[in-house]
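Q: Okay, here's the structure, questions in a sec.
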Amino acid sequence: MAPEPAPSAATATADLVTTVLSALDSAATLPLASTSAFATIPPAALKGALDSLLSREMVVYETLEREVAVLTGEGADIAARGSHEAKVYEAVCNAVDGMKISELAKVVGAASAKVGQGKAFKEGWIKKDGDKLLKKADSIKDVTREQLNVIAETQTYPDVKILADLKKRKLVVMNKRISFLINKGAKFALQIVREETDLTAEMVAGGAWKEKTFKAYNFAALGAKQNSGALHPLNKVRHEFRNIFFEMGFTEMSTDRFVESGFWNFDTLFVPQQHPARDLQDTFYISDPAVADLPEDTEYWNNVREVHEQGKYGSAGYRYPWRAEEALRLVLRTHTTATSVAMLHKLAQNPGPARYFSIDRVFRNETVDATHLAEFHQVEGVIADYGLTLGGLIGFMKEFFRKMGIDDLRFKPAYNPYTEPSMEIFGEHKGLGKWVEIGNSGMFRPEMLESMGLPKDLRVYGWGLSLERPTMIRYKVSNIRELLGHKVDLGFIENNAAVRLDKS
Ligand code: PHE
């Protein structure tokens with residue numbers, strides 16, 4: 001047989017409301033616990049119905065909570081049919097010529113025979129005669145049964161010691177009982193008056209509004225959740241980084257050149273043409289179109305070639321046959337330093353102090369794992385000024401990272417083909433309790449700057465870091481694939497909090 005469809009929550013509540021209202025109509029106060037009409041209704045459902053009536057001031061009610069003693073299955077059996085010992089006594093009385101001990105279990109059941117026999121002896125109700133049990137007392141008083149009957153009726157027992165003993169014997173358990181004491185409210189009525197939520201033009205024009213009851217405004221209501229857009233965590237952290245840069249007087253570079261020539265991505269930065277970073281395993285090359293146009297500034301092109309081939313501006317050069325085809329291969333940019341170079345090259349037309357930054361995607365042909373993707377976002381900054389020193393770079397880095405909430409920095413000598421000296425920057429990850437690499441930096445080499453036409457005494461710092469690492473730390477993401485790509489949970493994007501980098 002198909003089960004009956006469950007009544008919907010709404011109709012169930014409506015029925016309950018009607019039951020409550022009509023019951024209240026005949027009694028000023030309803031002690032619901034003892035009103036049989038409500039005995040089978042779960043307290044939560046009843047409370048729902050009462051709350052909806054309360055909000056309309058149709059009822060007022062109090063919730064009463066008390067502990068009641070309830071008989072267990074065994075307790076109920078004893079209350080109805082007597083204790084084990086009483087059952088044994090009765091069986092012995094009923095036996096015509098004494099009760100054979102071996103027969104007892106058959107008559108009263110194994111459990112009663114086992115427990116009841118000993119007790120009946122102890123009470124002096126029966127005696128033993130050979131293999132038989134005989135009646136000893138003329139009449140007995142079944143105290144346990146009487147006690148349990150009191151509890152069945154009153155749900156408690158006047159003597160707490162006895163109650164505790166019955167609990168210990170597992171004849172009684174204590175239950176919580178919720179009941180409601182209900183009174184008529186100021187606006188009591190037998191039926192819920194429909195409350196209008198909208199005042200329509202027709203009601204106003206026809207005067208019908210005078211007859212209607214309007215629902216009061218609920219100013220505490222939270223309002224419906226709007227299906228709005230959400231910023232990706234990377235965008236939130238990016239926003240904070242941009243603010244730091246702007247605060248420190250930086251101008252944002254345009255980073256729309258995702259495809260660069262090898263010249264701007266590598267050669268201008270003196271990454272030798274045989275360098276492993278330029279291998280297919282590390283760099284994505286473009287096949288169509290595969291070849292870039294020659295840069296307009298042929299003087300710069302020639303200067304770069306000369307530094308590679310034979311050295312210039314005090315540099316010894318790499319001294320290998322530099323190939324124009326290699327420089328004209330198109331690549332997905334492997335770092336935003338390609339953009340920084342282009343900006344510095346532009347600066348050479350009108351040299352002077354400048355601060356530039358960018359935050360955008362770069363691409364590396366990496367094996368994808370929990371912490372690496374084939375693309376990530378690079379945060380990069382360059383500062384050009386006269387008389388810059390390495391100490392100044394260190395000082396600047398401290399201030400920059402302090403604005404991100406990283407107070408302690410360590411610097412480790414490193415190598416970049418385009419900077420000298422170069423330093424890796426380490427910050428203490430408070431959560432992990434260890435030092436993690438957070439950036440790479442250095443002072444651009446003179447041959448890099450002079451080949452563009454920048455004056456000898458104009459020095460330039462540069463540094464770069466990934467946007468992903470601080471974002472993962474900030475949002476406690478351990479697998480980068482939860483942050484970027486097709487496995488990202490949209491709920492994570494929609495619900496995560498805004499970020500404020502600690503500006504101490
Ligand atoms: N290009 C470097 C990187 O990808 C960052 C950097 C930029 C280092 C400028 C020094 C100067 O890690």
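The values are calculated or read from the model by the stated rules, or taken from the named source; none is laboratory data. All values derive from a computational prediction rather than experimental measurement. Ideal geometry is used to build each Cβ from the backbone, glycine not excepted, and the neighbour counts take in all protein chains shown. The accessibility values were calculated without ligands, DNA or RNA, using every heavy atom of the protein model including side chains. Shrake-Rupley method; radii C 1.70, N 1.55, O 1.52, S 1.80 Å.
Q: Can you report the number of residues in segment 424-438 which are at positive phi and within 11 Å of the ligand (Cβ to nearest atom)? If you could, list the steps in order and put the result at the bottom.
A: Filtering segment 424-438 for residues at positive phi gives 433.
So of that shortlist, the ones also within 11 Å of the ligand (Cβ to nearest atom) come out as none.
The total comes to 0.
Q: Taking segment 462-488 on its own, how many of its residues are of a type outside the set (A, V, I, L, M, F, W, C) and either within 16 Å of the ligand (Cβ to nearest atom) or within 30 Å of GLU447 (Cα to Cα) (or both)? Before you say what the answer is, go through the steps one by one.
A: Going through segment 462-488, the residues of a type outside the set (A, V, I, L, M, F, W, C) turn out to be 462, 464, 466, 468-471, 474-476, 478-479, 481-482, 485-487.
In the following step, the residues that additionally are either within 16 Å of the ligand (Cβ to nearest atom) or within 30 Å of GLU447 (Cα to Cα) (or both) were identified as 462, 464, 466, 468-470.
Residues in segment 462-488 being of a type outside the set (A, V, I, L, M, F, W, C) and either within 16 Å of the ligand (Cβ to nearest atom) or within 30 Å of GLU447 (Cα to Cα) (or both): 6 in total.
Q: Got a number for residues in segment 428-465 being within 31 Å of the chain's Cα centre (by Cα) and either more than 23 Å from PHE263 (Cα to Cα) or among the charged types (D, E, K, R) (or both)?
A: Of the residues in that region, 12 qualify.
Q: Turning to a different aspect of this structure: Of all residues in segment 483-500, which are more than 25 Å from GLU380 (Cβ to Cβ) and either of a type in the set (D, E, K, R) or in contact with a Ser or Thr (Cβ under 9 Å, 6 or more places away or on another chain) (or both)?
A: Those that are more than 25 Å from GLU380 (Cβ to Cβ) and either of a type in the set (D, E, K, R) or in contact with a Ser or Thr (Cβ under 9 Å, 6 or more places away or on another chain) (or both): LYS487, ASP489, GLU494.
Q: Any residue at all in segment 450-461 that is open to solvent by 30 Å² or more (accessible area, probe 1.4 Å), touching an Asp or Glu at 6+ places or on another chain (Cβ under 7 Å) and either within 16 Å of the ligand (Cβ to nearest atom) or within 20 Å of PHE241 (Cα to Cα) (or both)?
A: yes
Q: I'd like to verify a number: residues in segment 344-362 that are within 12 Å of the ligand (Cβ to nearest atom) and within 28 Å of VAL291 (Cβ to Cβ), how many? If you could, list the steps in order and put the result at the bottom.
A: Applying the first criterion (within 12 Å of the ligand (Cβ to nearest atom)) to segment 344-362 yields 344, 356-358, 362.
From the residues that got through so far, the ones that are within 28 Å of VAL291 (Cβ to Cβ) too are 344, 358, 362.
The number of residues fulfilling the criteria is 3.
Q: Do we find that PRO421 is more than 27 Å from VAL237 (Cα to Cα), open to solvent by 30 Å² or more (accessible area, probe 1.4 Å) and away from the ligand (no atom under 13 Å from the Cβ) in this structure?
A: no
Q: Looking at ASN365, ASN350, ASN265, ASN303, which is the one that is modelled with pLDDT of 95 or more, of a type in the set (S, T, N, Q) and open to solvent by 20 Å² or more (accessible area, probe 1.4 Å)?
A: Working: ASN365 fails: modelled with pLDDT of 95 or more; ASN265 fails: open to solvent by 20 Å² or more (accessible area, probe 1.4 Å); ASN303 fails: open to solvent by 20 Å² or more (accessible area, probe 1.4 Å).
Among ASN365, ASN350, ASN265, ASN303, only ASN350 is modelled with pLDDT of 95 or more, of a type in the set (S, T, N, Q) and open to solvent by 20 Å² or more (accessible area, probe 1.4 Å).
Q: Given the conditions (1) farther than 21 Å from ILE244 by Cβ; (2) away from the ligand (no atom under 16 Å from the Cβ); (3) in contact (Cβ under 8 Å) with a residue 60 or more places away in the chain; (4) open to solvent by less than 60 Å² (accessible area, probe 1.4 Å), report the number of the one that GLY491 does not fulfil.
A: If we test GLY491 against (1) farther than 21 Å from ILE244 by Cβ; (2) away from the ligand (no atom under 16 Å from the Cβ); (3) in contact (Cβ under 8 Å) with a residue 60 or more places away in the chain; (4) open to solvent by less than 60 Å² (accessible area, probe 1.4 Å), just (3) comes out false.
Q: Applying the selection to segment 77-102, what residues are among the small types (Gly, Ala, Ser) and open to solvent by less than 50 Å² (accessible area, probe 1.4 Å)? Talk me through it step by step, then tell me what you get.
A: Here is the first cut: in segment 77-102, the residues among the small types (Gly, Ala, Ser) are 79-80, 82-83, 86, 91, 95, 98, 102.
Of everything in segment 77-102, those that are among the small types (Gly, Ala, Ser) and open to solvent by less than 50 Å² (accessible area, probe 1.4 Å) turn out to be ALA79, GLY82, SER83, ALA86, ALA91, ALA95, GLY98.
Q: Tell me which residues, restricted to segment 320-343, are among the aliphatic types (A, V, I, L, M) and within 11 Å of the ligand (Cβ to nearest atom).
A: As a first pass, look at segment 320-343 and keep what is among the aliphatic types (A, V, I, L, M): 324, 327-328, 330-332, 338, 341-343.
ALA338, VAL341 - these are the residues of segment 320-343 that are among the aliphatic types (A, V, I, L, M) and within 11 Å of the ligand (Cβ to nearest atom).
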